[in-house]
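The next block holds one structure in the form of structure tokens; read it before the comments.
The values are calculated or read from the model by the stated rules, or taken from the named source; none is laboratory data. A quick note: this is a predicted structure, and the numbers were derived from the prediction, not measured. Positions of Cβ are generated from backbone atoms using ideal geometry, with glycine treated the same way; all protein chains shown enter the neighbour counts.
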Amino acid sequence: MPKRLVSARFLRRLNRFAILVKLRDGKIVTAHLPNSGRLHEILRDGNKFWLVRRQGKNRRTEFDAILAHDGNAFVSIDARLPPKLLLEGIDDGIVSEFGKIIAVQTEVRYGNHRIDLKIVNDAFQVWWVETKSVTLVVNGVALFPDAPTSRGREHLKLLAQFADKGENAAVVFVVQREDARCFAPNESADPEFTQFLREAVNSGVKVFAYKCKVTNSELRISERIPVWLNGTVPQNNVTAVQMSHR
């Protein structure tokens, strides 16, 4: 998390990637929003945001919005971060499912697509890994997506193709907040994504979910949480067992 954050209050969304906020001194500015999700629970009038100043030749705004509080928890809203957070989690020993990394490629082009990570571990296993940023939590359940995602569905199809060929493939849902007790696909937002995810699992794609420690001074993966793909999430003992569709 950047050291110097500027606090603000949300006013309104201007477009997919820009919001209007009011700084503590009363100045109203436009900030870049690095997240194309709907973010309805976060983008509410008066919600507190934290910005970081950015410089760049082609920038249209002085700030990036990177952190918010939705009334329940701090939420890291930068959707570009999950690959970096996952690699840091592996290095820190919190994420153990991929072994010890000896080589990694990012944004790997494969046909008309790009895969977030191609990992080689110390057992010389190759993993194709796609990460997803999760910001929506309802009653302790982390949900993805919060809007239909054709791109997400295409990624799942590609991972299933890798798995069908006997290669290691995984989708990792990085919940960028700490109040989640489990993860489930958001079937009401995108039923096709949910079905594609179940089919990908049946093809051999691994599904993992991790929540993060998020404050206005810290952001890191903190622990793995269960994945539930079978409809209604049980309310009791959900954190005690890893659950998935078979």
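Within segment 69-87, the presence of a residue that is in contact with a Gly (Cβ under 7 Å, 6 or more places away or on another chain), of a type outside the set (A, V, I, L, M, F, W, C) and over 30 Å from I102 (Cβ atoms) is excluded. Evaluate segment 169-186: report whether one residue or more is more than 25 Å from E88 (Cα to Cα) and either in contact with a Cys (Cβ under 8 Å, 6 or more places away or on another chain) or of a type outside the set (S, T, N, Q) (or both). Scanning segment 169-186 turns up no residue that is more than 25 Å from E88 (Cα to Cα) and either in contact with a Cys (Cβ under 8 Å, 6 or more places away or on another chain) or of a type outside the set (S, T, N, Q) (or both).
Any residue at all in segment 200-207 that is more than 23 Å from N121 (Cβ to Cβ), in contact with a Phe, Trp or Tyr (Cβ under 9 Å, 6 or more places away or on another chain) and crowded, with 21+ Cβ neighbours inside 10 Å? So far as segment 200-207 goes, no, none of its residues is more than 23 Å from N121 (Cβ to Cβ), in contact with a Phe, Trp or Tyr (Cβ under 9 Å, 6 or more places away or on another chain) and crowded, with 21+ Cβ neighbours inside 10 Å.
What are the residues in segment 47-66 that are touching an Asp or Glu at 6+ places or on another chain (Cβ under 8 Å) and in contact (Cβ under 8 Å) with a residue 60 or more places away in the chain, if any? Quick ask: steps written out before the conclusion?
We begin by selecting, within segment 47-66, every residue touching an Asp or Glu at 6+ places or on another chain (Cβ under 8 Å); these are 47, 51-54, 64, 66.
Across segment 47-66, the qualifying residue is only I66.
Search segment 25-58 for residues being of a type in the set (A, V, I, L, M, F, W, C) and not in a loop (DSSP other than H, G, I, E, B), and hand back the single one that is nearest to L136 (Cα to Cα). Checking each candidate, the answer is F49. All of A103, A65 fail the test of being small (G, A, S), over 16 Å from C212 (Cα atoms) and not assigned by TED's automatic domain parsing to the domain that holds V227, apart from A65.
Hey, any hits in segment 182-189 for a residue that's buried (at least 18 other Cβ atoms within 10 Å of the Cβ) and farther than 24 Å from L85 by Cα?
yes
Residues in segment 88-113 that are outside any loop (DSSP other than H, G, I, E, B) and either crowded, with 17+ Cβ neighbours inside 10 Å or at pLDDT 95 or above (or both): E88, G89, I90, D91, I101, I102, A103, V104, Q105, T106, E107, V108. For segment 143-158, the candidate set comprises residues that are of a type in the set (G, A, S) and free of Cβ contacts under 8 Å to residues at least 60 places away in the same chain; within that set, the residue that is nearest to R114 (Cα to Cα) is G152. Just one residue in the set R38, R44, R80 is in contact (Cβ under 8 Å) with a residue 60 or more places away in the chain, surrounded by fewer than 20 Cβ atoms within 10 Å (Cβ to Cβ) and of a type in the set (K, R); that residue is R38. Does S76 fit the bill of being not assigned by TED's automatic domain parsing to the domain that holds A189 and not aliphatic (A, V, I, L, M)? Yes; evaluated as a whole, the condition is true for this residue.
What tally of residues in segment 89-113 results from selecting those that are under 18 Å from the mean Cα position of the chain (by Cα) and over 26 Å from N186 (Cβ atoms)? Selection size over segment 89-113: 2.
Among the candidates K157, K206, K213, which residue alone is in the same structural domain as I94 (by TED's automatic domain parsing), under 30 Å from A68 (Cβ atoms) and in contact with an Asp or Glu (Cβ under 9 Å, 6 or more places away or on another chain)?
Within the list K157, K206, K213, the selection yields K213.
Among the residues making up segment 11-24, those that are under 21 Å from P145 (Cα atoms) and not in a strand (DSSP E or B) are R16, F17. Exactly one residue out of R24, R16 is in contact (Cβ under 8 Å) with a residue 12 or more places away in the chain and either acidic (D, E) or over 20 Å from T135 (Cβ atoms) (or both), and it is R24.
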